[in-house]
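Comments concern the structure below.
The values are calculated or read from the model by the stated rules, or taken from the named source; none is laboratory data. What you see is a predicted model; the values in this text were computed from it and never measured. So basically every Cβ, Gly included, is an ideal-geometry build from the backbone, and we count neighbours across all protein chains shown. Each accessible area value is taken on the protein alone, full model and side chains, heavy atoms only, with ligands, DNA and RNA left out. Shrake-Rupley method; radii C 1.70, N 1.55, O 1.52, S 1.80 Å.
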Amino acid sequence: MAEQTERATYEAYVVHYPNGGWLAELSDFPGAYATGATQAEALARLAAAAPGYYAWLSAHDEYTPTTHATAEVTAREVVEAPPGAMSAFFADDAQTVTDEDMDWLLAVLGWALDDLEAQALRVAPSARRDALLAAVAQAQARLVAQATGAPLTPPGAGSDALAQVKATHAAALAAFRRTRPEQRAVVREADGQRWSVRRGLRESALLARRSTDELAAMG
């Protein structure tokens, strides 16, 4: 496996939330994120997290190099998030998702979902854990509907919370895979926001990785 050691520079999508918080996502690597009280703090934390994200990718994909390079992250685009939104629509989200893009984005999303489910098993069942998992299932179903225009109904609240997540994840991966080429080029309006298949895939990976971190913090 190759290793990068030189200084690396990345670009990030930056989200500013109504409450004043900031989130930075590596634009070329879905699910690589960091938060901060300021834009500068979020970018600095994302730079520090980049080697760990590469290590995560390389653990799943033998073609991804590991890196110990010093990273620098600059803002590619800064967008204000609508109230209640996890992220926002960026200019690159309007790009058509090619078959090659779809294979890569679904692979990364699948790894992120597997990690979420594995972390859920490490946390003792509790009302707090189950509430988070149920919220993830609902959010994932909503992301698919907003991004593709096709409704996705998660399992009912009466089912086991982890089972809800697993079923919703499987359905989400299948729904993205089923999208036709013309759907992958569409930018649609949903809930007062702009959505695309690319945004849906990006935010799904972000949702999975953020939720995994929340579960890990539960101990």
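With a 1.4 Å probe and all protein chains in place, put 169, 16 in order of accessible area, largest first. Could the numbers behind the result be given before it?
Values: 169 5, 16 40 Å².
If we order 169, 16 from most to least accessible, we get 16, 169.
Tell me, what is the Rg over Rh of segment 61-159, with Rh the Kirkwood radius over Cα pairs?
With Rh from the inverse mean 1/r over Cα pairs, Rg/Rh is 1.00.
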For segment 116-219 the GluC sites (Glu not before Pro) that pass both the DSSP coil test and the at-most-15 other-Cβ-within-10 Å test are 182
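To the nearest 500 deg cm²/dmol, what mean residue ellipticity at 222 nm is calculated for the chain from DSSP H runs of n ≥ 4 alone, each contributing -39,500 (n - 2.57), summed and divided by the residues? Walk me through the numbers before you get to the answer.
On the way: 5 runs with 108 residues, N = 219.
About -17000 deg cm²/dmol.
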The summed charge of the residue 60 Cβ neighbourhood (under 11 Å; Lys/Arg +1, Asp/Glu -1) stands at -4
Probe 1.4 Å, heavy atoms of protein chains only: per residue, the accessible area of segment 134-219 in Å² is 43 Å²
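Per the 1.4 Å probe, what fraction of the accessible area of segment 70-134, in percent, lies on carbon and sulfur atoms? Show your work: numbers first, answer last.
Details: 1650 of 3180 Å².
Answer for segment 70-134: carbon and sulfur cover 52 percent of the accessible area.
DSSP loop GluC sites (Glu not before Pro) in segment 24-80 with at most 12 other Cβ atoms within 10 Å of their Cβ, which ones? Before the final figure, lay out each step's value.
Details: sites: 25, 41, 62, 72, 77, 80; in loops: 62.
Within segment 24-80, the qualifying GluC sites (Glu not before Pro) (loop, at most 12 other Cβ atoms within 10 Å) are 62.
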Rounded to the nearest Å, the spacing of the alpha-carbon centers of segment 64-116 and segment 141-193 is 17 Å
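Using a probe of 1.4 angstrom, how much of the accessible area of segment 155-219 is carbon and sulfur, in percent?
53 percent
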Looks like segment 127-191, by Cα gyration tensor root eigenvalues a ≥ b ≥ c and the a/c under 1.5 rounded cutoff (else prolate when a/b is bigger than b/c, oblate otherwise), is prolate
Summing +1 per Lys or Arg and -1 per Asp or Glu among the other residues with Cβ less than 14 Å from residue 194's Cβ gives -3
From most to least accessible, 1.4 Å probe, no ligand or DNA/RNA atoms counted, 122, 142 line up as 122, 142
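I need to check one value: relative contact order of the chain, counting alpha carbon pairs closer than 8 Å and at least 6 residues apart, in percent.
Values: 374 pairs, mean separation 48.9, N = 219.
Once divided by the residue count of the chain, the mean separation gives 22 percent.
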At q = 0.12 1/Å the base-10 log of I(q)/I(0) from the Debye formula over the alpha-carbon atoms of the chain is -0.64
For residue 28, the accessible surface traced by a 1.4 Å probe with all protein chains present amounts, in square angstrom to the nearest 10, to 110 Å²
